[in-house]
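These notes are about the structure you will find just below.
The values are calculated or read from the model by the stated rules, or taken from the named source; none is laboratory data. Bear in mind the structure is a predicted one, so any value in this text is a computation, not a measurement. Note: ideal-geometry Cβ built from the backbone for every residue, glycine included; neighbour counts use all protein chains shown. Only protein heavy atoms, including side chains, enter the accessible area calculation; ligands, DNA and RNA are left aside. Shrake-Rupley method; radii C 1.70, N 1.55, O 1.52, S 1.80 Å.
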Amino acid sequence: QASDYPVNVSVHGLDEHSEHTWRFKMTYGTNELTADLLPGKPIQLLRGYDRVEMVKIRMDEAITDSRLLPNYPNPFNPATTIHYQLRENTHVRIEVFDAIGRRVQVLASEFQTSGVYKVNFDARHLSTGMYIVRFVAGGESHIQKITLIK
């Protein structure tokens, strides 16, 4: 805990030739956040957490880019979980569109810190079909097809 946020976290002695780094697993309430330390790139904690755990990982396991990960389950009925990761602190927007391009739901639109995230998509009110998830983080944009089967 700190008296003022944000707090920058870095590890001395970590360089580009290091074989290992540290993964922070932080929880508050039912929310969980994961962030990896990379050489020369501190992570920023924006708030206090109920629990903070440090786990030593191999450098090749570290989050090095922002991207949309596969949702699970897919196909789904009536809900699925959208997973994504952020390398840097940035504004994130996640939207779901139907097959003809109409936006049906905004799942996230906020500033988030680096780490691994998940957001639930409940499609009870939608009909069977293919949907598109659009993930925009900073200057990057990714899309993914998901299928609702009722």
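Sorting the segments 78-84, 27-33, 141-147 by their residues' average number of neighbouring beta-carbon atoms within 10 angstrom, most packed first, yields 78-84, 141-147, 27-33.
The ellipsoid equivalent to the alpha-carbon distribution of the chain has semi-axes of 32, 16, 14 angstrom, derived from the gyration tensor eigenvalues as √(5λ) and listed largest first. The portion of the accessible surface of segment 30-103 made up by carbon and sulfur, rounded to a whole percent, is 46 (1.4 Å probe; DNA, RNA and ligands excluded).
Report Rg/Rh for segment 9-75, rounded to two decimals, where Rg is the Cα radius of gyration and Rh the Kirkwood radius. Don't skip to the end; give the middle numbers.
Details: Rg = 13.7 Å, Rh = 13.4 Å.
Rg divided by Rh gives 1.02.
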